[in-house]
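Please treat every number below as a calculation from the coordinates, not as lab data. Computed from a predicted model, the values in this text were never measured in an experiment. Because the Cβ atoms are built from the backbone with ideal geometry, glycine has one as well, and the counts that use them run over all protein chains shown.
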């Protein structure tokens, strides 16, 4: 019998998953021919010289509300992590339960890998199940990396997913 590790005081993170296929199919006027940059692995930003506005070719799947536990990295942890290179620049970390991800269809059916990926956007936090907005992220917050958590617990050998965030969009894997 597997032990299940529960979330403590969960809230719902509203996550907008990047739809890479639809972004590729976008056809901005002029150059480029697609909406996705294959070299930088991110949606193109198009500048309209007539209105002097910039817009992203980013296409997203429908928003999904994922129950998460919110953790904040303290400045000492951020300073210590500075020298290791590929590290998130936001101090917010989310912990999601794999059982919730499975219920929401966010676990791959065969590999059981989490379908949340780098580049997915987090728009706000809501009170769990109530839809009452707790926090809106004015500066865009993106999923930077998703790691396994709580080794030794759960059906898959771990019950939690650690979602690292960044204010800069990461390339989807």
Checklist outcome for this item: Quick note on 68, 134, 14, ordering by fewest other C-beta atoms within 10 Å, gives 134, 14, 68
Item to check | FRET efficiency estimate (nearest 0.05) - Cβ-Cβ, residue 52 to residue 162, R0 30 angstrom | outcome: 0.15
Item to check | Inter-label distance for residue 63 and residue 138, nm, one decimal - labels placed 7 Å from Cα along Cα-to-Cβ | outcome: 1.8
